[in-house]
Structures are given as structure tokens and as C-alpha cells.
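FYI, it's all coordinate maths here, none of it is from the lab. What you are looking at is a predicted structure, and each value in this text was computed from that prediction instead of being measured. Cβ sites come from the backbone with ideal geometry, for glycine too, and all protein chains shown count toward neighbours.
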Amino acid sequence: MNEKNIKVLIVDDFATMRKVVRNLLKQVGYEDIVEAEDGVMALKALKSQKIDVIVSDWNMPNMTGLELLKAVRADEELSKTPFLMVTAEALQDNVVAAVKAGVNNYIVKPFTAEVLNEKIKKIMENINK
Amino acid sequence: MNVKFINPFLEGTTNVLKTMAFVEPRAGKPYLKIDNLAKGDISGIIGLTGSATGSLALSFTETAILKIVSNMLGENIKSINGDIKDAVGEITNMISGVARKNLEAEGFYIQAAIPTVVAGKNHSITHVMGGPSLIIPFEIDEGSFVVDVCLSE
């Protein structure tokens, strides 16, 4: 699957971080990008359009990335949506909690455009197997 | 304060700014600070709890943070605005994340709160634990900033 054809949903409460992630994605060829400022808005976006992969921050008010992941996995219609967790929390317990909740992969801040692309590609390859 | 705390924050700061803002900060000699006065024009502060408790602050001069965030966003930002404040919070969060991961290897398990950001000339930074904080000074070509950490086991 070509980067151009992958629709990415960026979820982050910090507008600046959404901009940073968008810029990184653009650098490696992604063009179809939508944004949500928290988990609640992300669920709305997921219900209203076809999203190929969610790139979500972990630490957010209202609904954390982990809670969003659980909500997505619990929703029959959305449950298979690939989910990449972006986190500053590389601590072992957090990684285990995300894996248990069904995350496809995670990426630890700070990261480069190349690493972000690799993670998304690996997720897309695995789900298309 | 335990000297084991210095390297994780030094390494975290260099790593985050190199990767996200493409700058190579030069670290100066760490020293202890007794007053509450911030060393910069804008600061991010984050509370830390766990096997060590306290807080981490990053305090940037205006010229330094304008360069760092301009690089992060690929835009030329000329004054401290909402994007800069957001970015300072996020940079603080990321540095805390890398430092805490490094501290985990030393046997310290530390959780972080949500960062807050304070801007303005001569603002103050109050660490929850009180007492002197450790300052690690950094420089980039455009200005300076400090990591200001107060942690107690």
C-alpha cells in the first residue's frame, strides 16, 4: 500500500505536536491526513470516515490514548482499525498495558520521519498478510 | 541530590532536541540553584512521582525557543505565541519521558504529571520538594536554556 493511499488520523491534544507529526508524515509521502484533538473527537472522526491508521498520543485529557485504543477495540465497526501509539512513556508497564489492549505498534518520542514511516508500514504489512 | 540524576536528564535533553528540532545543544557545567527565579523567558514544568519525587523544569531564553520551535514546525516563528507554549510543554514531556526511561535502567521507577508552561520575564519556578535544584545549562547558537531539576529519593 502506497503512503499516498493511506489515510492517517493524528490524535493529540497539543496542536503543535499534531503539526509536527503531520510535517513528519508529509516528509515521507503521506498526503491524506486528518487530525483530532482528543479521544472523543477521534471517535467521531472514525465514525464519519474511513481511516486506515490511527496515530495517537498516550497522554491526553478527557480520554487517554489507552482509553481511546480500548474504545476502538470494543467497537464492532472500528475494532480492526490499525493503531499506533505515540508516547513519551517507554516504561515497561505502559508498553504491556498497550499491548494487552490491542495496540498494533508503538513509537516513543522523540522520533524521526523515517521511524514513523517504518512503524506504519510494518502495521499495514501485517494487517494485509 | 543524587548525581545519578544528572546524566539521564542531560542525555534526554540532547536526544529530544537533536531528533525533533535538529539542533545540537552544548551542555555546560551543572550547578545548584537556591532561588526560585527562572533562567529563561518561558518554562515548562512537570511533576514527577515514584521512587524519586520532585519536578523537572526547562527554561528557555526567547531566542533559543524561537529557533527550536521554528525548526520543529518548519516555520519561521518570530514571537512567543500559542505554538511556542504548546511546544515547550511537549518538549518538557518528551525530555521527562527519555530521562525516566534512562532512570528505569538505574532502578528508579518514576511517573510524570501533565506539564504546565509559564512565560514572561523574571517568572519564578517553584519545585514541589523545595530546597536547591540542579541546573544543567545548555547553549545553542541562537541562545541558552537550562534544565532545572529537583528530585528527592
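Say a site is exposed when it is one of the trypsin sites (Lys or Arg not before Pro), sits in a DSSP loop, and has at most 14 other Cβ atoms within 10 Å; what is then the longest site-free stretch of chain B?
Here the longest segment lacking exposed loop sites spans B:1-77.
If exposed means no more than 14 neighbouring beta carbons inside 10 Å and the site is in a DSSP loop, what's the longest run of chain A without any exposed GluC sites (Glu not before Pro)?
The longest such stretch corresponds to A:78-129.
Could you list the trypsin sites (Lys or Arg not before Pro) in segment A:36-96 that lie in coil according to DSSP, counting only those with at most 13 other Cβ atoms within 10 Å of their Cβ?
Listed in order of number, the matching sites are A:50, A:80.
Mind checking the mean number of beta-carbon atoms from other chains within 10 Å of the Cβ atoms in B:17-29?
That works out to 1 on average.
State the antiparallel share, in %, of DSSP beta bridges confined to the protein assembly as shown, rounding to the nearest 5.
70
Go through A:42, B:81, B:13 and say which Cα lies farthest out towards the positive end of the charge dipole of the protein assembly as shown; charges sit on Cβ, +1 for Lys and Arg, -1 for Asp and Glu.
A:42
So in chain B, what percent of DSSP beta bridges are antiparallel if you round to the nearest 5?
Around 100 percent of the beta bridges assigned by DSSP in chain B are antiparallel ones.
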